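Taking it in order: structure first as structure tokens, then the write-up.
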Amino acid sequence: MNARLNALEIPTVGKFVKHIVAAGKVIQESPLPLATQHLVTLRASQINGCGFCTDMHFKDAVAAGEDAVRLNLVATWREATLFTEAERAALELTEEGTRIADAAGGVPDEVWENAAKHYDEEQLGALVGIIALINAFNRLNVLVQQPAGGYQPGQFA
């Protein structure tokens, strides 16, 4: 399978991607725990059916030392016992923020309040940013049908 277009070879798209990558670096440097960042990007990518991002974020998380069993259970985090309450709150916010069109009124107050119990304003801001960012990347890759499976950890570092 080949992508519909090579986004990095098209000047406008290449510039766009460069800017959203820069936004991602801001989030990576934030006080939001790296493990949470990995869980969030993986879960949103699964929901959005983005094979490329699911592959990438799984491999990057493993390379960063995350446990593969936890990553395998991200899709079933509600039933899994391997996530902290803070991680569960982040995953719930990720799901609600990713499926925003499915719920009239957007993200429920209870979901936001639960996340706010576990993260300070700086971390919440980073959490909102990473959810928005991964959804943008997922949509880009799904639109162009970016193939999955060939990503190598750190490939875009």
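The values are calculated or read from the model by the stated rules, or taken from the named source; none is laboratory data. The shown structure was predicted, so the numbers you read here are calculated from the model rather than taken from an experiment. Virtual Cβ from ideal backbone geometry, glycine too; neighbours counted across all protein chains shown. Ligands, DNA and RNA are stripped out before the accessible areas are found, and what is left, the full protein with its side chains, is counted by its heavy atoms. Shrake-Rupley method; radii C 1.70, N 1.55, O 1.52, S 1.80 Å.
Structure summary
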read-out	value
Residues located in the stretch 14-38, provided they are open to solvent by less than 40 Å² (accessible area, probe 1.4 Å) and either on the phi > 0 side of the Ramachandran plot or without any contact (Cβ under 8 Å) to a residue 24 or more places away in the chain (or both)	G14
Scan of the stretch 131-157 for residues that are closer than 18 Å to K59 by Cα and either surrounded by 14 or more Cβ atoms within 10 Å (Cβ to Cβ) or modelled with pLDDT of 90 or more (or both), ordered by number	I134, F137, N138, N141, Q146, P147, A148, G149, G150, Y151, Q152, P153
Among (1) touching a Ser or Thr at 6+ places or on another chain (Cβ under 7 Å); (2) at pLDDT below 95, the one test that A101 misses	(1)
Residue satisfying all of: in the stretch 74-120; among the small types (G, A, S) and over 15 Å from L39 (Cα atoms); least open to solvent (accessible area, probe 1.4 Å) among these	G106
Residues that are open to solvent by less than 40 Å² (accessible area, probe 1.4 Å) and outside any helix (DSSP H, G or I), drawn from the stretch 1-13	A3
